[in-house]
Amino acid sequence: MLDWLENDLLLTISSVELASSDASFRRYFRIKTPEGSYIIMDAPPEKENTASFINVAEILTHYQVNVPTIFHKNRTEGFLLLEDFGSVCFLDALNTDTATDLYHAAFDALYQLQSLTAHQVQGLPEYDMPLLQKELAIFTDWFLQALLDIPVPYQQWDVVCDQLINSALEQPKVCVHRDFHSRNLMVLEHDSPGIIDFQDAVLGPVTYDLVSLLKDCYIAWPAGQVDTWMVSYYNRLLNAKLIDCSLYCFTRWFDLMGLQRHLKAIGIFSRLHLRDGKSNYLPDIPRTLNYVLQVCAFYPELKSFGAFLQQQVLPEFNQVLLSVDTELKAKN
């Protein structure tokens, strides 16, 4: 990486530090030069595809969505030299005093993203049935079976999958970031937020990014506040004619889309622990699972699955979490 920066790009590097490593195999470094600070993405070509990042970045940049500028590319080695959006994300800055302003800025950014037409974002994959099925399987494969060793209750699970897939597919399609939450929105002095981690963008359900933002796996807000924000954004979409549905219909889409996303996230957090040794995501599962239980309790057709989670899954997971916590403390 340094050879490419110094000998090919002729940059004078004064310092290099790890900026972040995410839930994939990508790593990000912050480099300081006399000309300023940059971010270098290290995406091993055998594990990560920089082409999707470049493609989505070019689309979003063209339509003034605030994503980092790509200054230089090394596709062979998997390196990208990017604009530095700093180190303060929304999660770092959110509290009861800042939430209104930060979420207002996030809603503006999301609206700009969702206002892009299918023609403008052509080339993005669709959030179709096979992708939804694949994502739901992450929950059963990695959380229920691999982490907890609990058999899949197919009678209830099939009902859940049918409900979630049908709800997702009947929604209006917009440009979907797929990870639009507090860790991927950067606080900037101008044109905040800066949007990162967008490489998995698709053309998909209108409620996906909204529920990702408002029912965030990393920070939770009172249900009444979430409802207020959700209704306000619903009215914005309705007035712009991006949707044409009742609030009841939109709320159901929102809830079920959140359920699908949170089940997937629980599976991903489990996979990160088991496969990649990244156990720091396990403490986010209780918050995420609580969102799941709330939705299951509200919709009669999901109550049986909710009872399974409450009676069989939750006690077993609590034991696993306690065991992992004990192991980590012993290592430290």
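Below are the figures for this structure:
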| read-out | value |
| --- | --- |
| Förster-model FRET efficiency, 22 Å R0, residue 223 and residue 149, C-beta, rounded to 0.05 | 0.10 |
| Stretchable slack from residue 91 to residue 249, in nm (0.36 nm times residue separation minus alpha-carbon distance) | 53.9 nm |
| Segment 163-236 - Kirkwood radius from inverse mean 1/r over Cα pairs (Å) | 13.5 |
| Cross-link reach list, lysines versus residue 303, counting only Cα pairs under 29 Å and skipping chain neighbours closer than eight places | 134, 173, 215, 264 |
| Dipole magnitude (debye, nearest 20) for the chain, charges at Cβ of Lys, Arg, Asp, Glu | 520 |
| Magnitude of the charge dipole, segment 189-332, Cβ model with Lys/Arg +1 and Asp/Glu -1, debye to 20 | 300 |
| Exposed-site-free run, longest, the chain (rule: trypsin sites (Lys or Arg not before Pro); DSSP loop; at most 12 other C-beta within 10 Å) | 48-240 |
| Long-range HN-HN contacts of residue 72 with modeled amide H, under 5 Å | 81 |
| Estimated distance in nm for a label pair at residue 32 and residue 49, the labels positioned 7 Å out from Cα along Cα-to-Cβ | 3.8 |
| Diffusion constant of the chain at 37 °C, which comes from Stokes-Einstein with the Kirkwood Cα-pair radius and 0.692 mPa s, µm²/s | 155 |
| 222 nm mean residue ellipticity, helices alone, for the chain (DSSP H n ≥ 4; -39,500 (n - 2.57); rounded to 500) | -14500 deg cm²/dmol |
| The chain: Cys lacking any partner C-beta under 4.7 angstrom | 89, 161, 175, 217, 296 |
| Global form of segment 3-135, assessed from the alpha-carbon gyration tensor, a/c cut-off 1.5 | oblate |
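Each value in this text was obtained by applying a stated rule to the coordinates, not by laboratory testing. Every value quoted in this text rests on a predicted model; they were computed, and no experiment measured them. Using ideal geometry, Cβ is built from the backbone for each residue, glycine included, and neighbour counts are taken over all protein chains shown.
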